[in-house]
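K.L.:
For reference, the structure I am asking about is given below.
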Amino acid sequence: MAKIADRQKPGILSGDANITYDGTYLGATSLDASSTRDKLSLTLGTGSRVTVKREKVDDCSAKKTFGGDIQQTFTYKITVRNDQNKAVKIVVKDQYPRSTRKDVTVTLQKDTTPWTANIEETGVIAWERELAAGQSENYLLGYAVRYPKELNINL
């Protein structure tokens, strides 16, 4: 995903666009220059230059009963690898559930990798880093959902 901050600059028109990176064709996307957002977002598709893997950590995920409540804990490991021959700036975003009910709570676990941004209203957490050429980095996202036994929640 690429974001263009100065989208009011002349020359950016709505329509189809071809995406190239370092002289290599990556694919096509659509531009909507009439958007009212501050930044113009472009989907660049997948590539092999930066790889991302997200997997559930079973050893850190569990379901427990506390009195009249059930608590389910989930932990995910996100691995990012820069396969380029130069450093890249990355922003890794993930989402955890949010509850609108008072009897259902969601809390981030202490083993969650310290984040750059956490928008609690939407449950979006982000890590912003620069990865050197060939460097890999792991991020953990852990959260617990606690709810009454009688509720049927699909997590």
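K.L.:
Within the set of pairs 6+ apart or on separate chains, which have a first residue in region 87-101 that is closer than 30 Å to residue 133 by Cβ, a second that is in a loop (DSSP other than H, G, I, E, B) and open to solvent by less than 100 Å² (accessible area, probe 1.4 Å), and C-beta atoms under 7 Å apart?
P.N.:
87/132; 87/133; 95/123
K.L.:
Then there's this: Hand me the list of strands (runs of 3 or more DSSP E) wholly inside region 66-147 holding 2 or more residues that are open to solvent by 50 Å² or more (accessible area, probe 1.4 Å).
P.N.:
Numbers: elements: 69-82, 88-95, 105-108, 117-119, 124-131.
In region 66-147, the matching strands (runs of 3 or more DSSP E) lie at 69-82, 88-95, 105-108, 124-131.
K.L.:
Checking the condition within 18 Å of residue 52 (Cβ to Cβ) and either charged (D, E, K, R) or modelled with pLDDT under 95 (or both), which residue from 110, 102, 149, 89 passes?
P.N.:
On the way: 110 fails: within 18 Å of residue 52 (Cβ to Cβ); 102 fails: within 18 Å of residue 52 (Cβ to Cβ); 149 fails: within 18 Å of residue 52 (Cβ to Cβ).
None of the others qualify; the one that does is 89.
K.L.:
Select from region 76-105 the residues that are polar (S, T, N, Q) and touching a strand residue (DSSP E or B) at 6+ places or on another chain (Cβ under 9 Å) and list them in ascending order.
P.N.:
Of all residues in region 76-105, those polar (S, T, N, Q) come to 79, 82, 84-85, 95, 99-100, 105.
Answer for region 76-105, where residues must be polar (S, T, N, Q) and touching a strand residue (DSSP E or B) at 6+ places or on another chain (Cβ under 9 Å): 79, 82, 84, 95, 99, 105.
The values are calculated or read from the model by the stated rules, or taken from the named source; none is laboratory data. Keep in mind it's a predicted model, so treat the numbers as computed, not measured. Don't worry about glycine lacking a Cβ; one is built from the backbone with ideal geometry, like all the others, and counts go over all protein chains shown. When the accessible area is computed, the model is the full protein with side chains, heavy atoms only, and any ligands, DNA or RNA have been set aside. Shrake-Rupley method; radii C 1.70, N 1.55, O 1.52, S 1.80 Å.
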